[in-house]
1. Each residue of the stretch 88-97 in turn: what ³J(HN,Hα) in whole Hz from Karplus with 6.51, -1.76, 1.60 and θ = phi - 60°, glycine and Pro shown as x?
2. Students sometimes get this wrong: rank Phe24, Phe37 by accessible area, probe 1.4 Å, all chains present, largest first.
3. How about the stretch 70-111: which trypsin sites (Lys or Arg not before Pro) there lie in a loop by DSSP and see at most 11 other Cβ atoms within 10 Å?
4. Give the ranking of Glu43, Glu116 by solvent-accessible surface, highest area first, calculated with a 1.4 Å probe.
Amino acid sequence: MRYLFLIIACFCSVATFSQADRQFIRSGNRYYRQQNFAKAEAEYRKAVSVNGENAQALYNLGCALMMQQKDSMAVEQYQKAGSLEKSKMRKAKVFHNIGVVCQNHRIYADAIKAYEESLRNNPDDNETRYNLALCKRLQKQQKNQQNQGGGQSKEKDKGQDKQNKKEKDQKQESKQNEQKKQMSKDNAEQLLNAAMQDEKNTQQRLNKAMQQPRSRKLEKNW
């Protein structure tokens, strides 16, 4: 059985940000724990609007979006958080989740890159290491299937070409046979016409000969 480890717990520490950021993040965290992800998203967006470089708010917003299956929007927020986050542990979680989204959509090349970046920031994360190994295996299987599909497609095309050629040859042969039959018929008609013409000519010559006067020369007796 394959397992896919997902880190979606929001960051709860807010001590390093302004009072407004803390209020919105804390409110969003309450809604998140209640699994009211739409309201959590709204609160995290308020925190981001106050401070667009608040990596914690961006990461938490990504988690809330991901829980609502808004994956492309979640990755966008994760990427922003990853570029701003200073803590290696938090940065590792950001890229881990990017890897999970990509893996869920079978975009294995991007998933592998994200997991590798996560491990560079936290080499001891066994869950990320497992996901990375699984993703590499799935990518290999995907490539094999694509290659097999391409080969089958080529064989199918070859078979279709062969069938088309066979049908073309059969049509050509049938056409030639029809031409031969027509030629034989024409030849027979020509021979018959020629014979009839010869007979007609012969008959005309006989009639003409019968109409000419005969000579009455007597042969002598012995």
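1. Going residue by residue, I get 5, 5, 5, 4, 4, 5, 4, 6, 4, 5 Hz, with x marking Gly and Pro.
2. In descending accessible area the options line up as Phe24, Phe37.
3. The qualifying sites are Lys86, Arg106.
4. Result of the area sort, largest leading: Glu116, Glu43.
The values are calculated or read from the model by the stated rules, or taken from the named source; none is laboratory data. Keep in mind it's a predicted model, so treat the numbers as computed, not measured. Note: ideal-geometry Cβ built from the backbone for every residue, glycine included; neighbour counts use all protein chains shown. The area values use the complete protein model at the heavy-atom level, side chains included, leaving out ligands, DNA and RNA. Shrake-Rupley method; radii C 1.70, N 1.55, O 1.52, S 1.80 Å.
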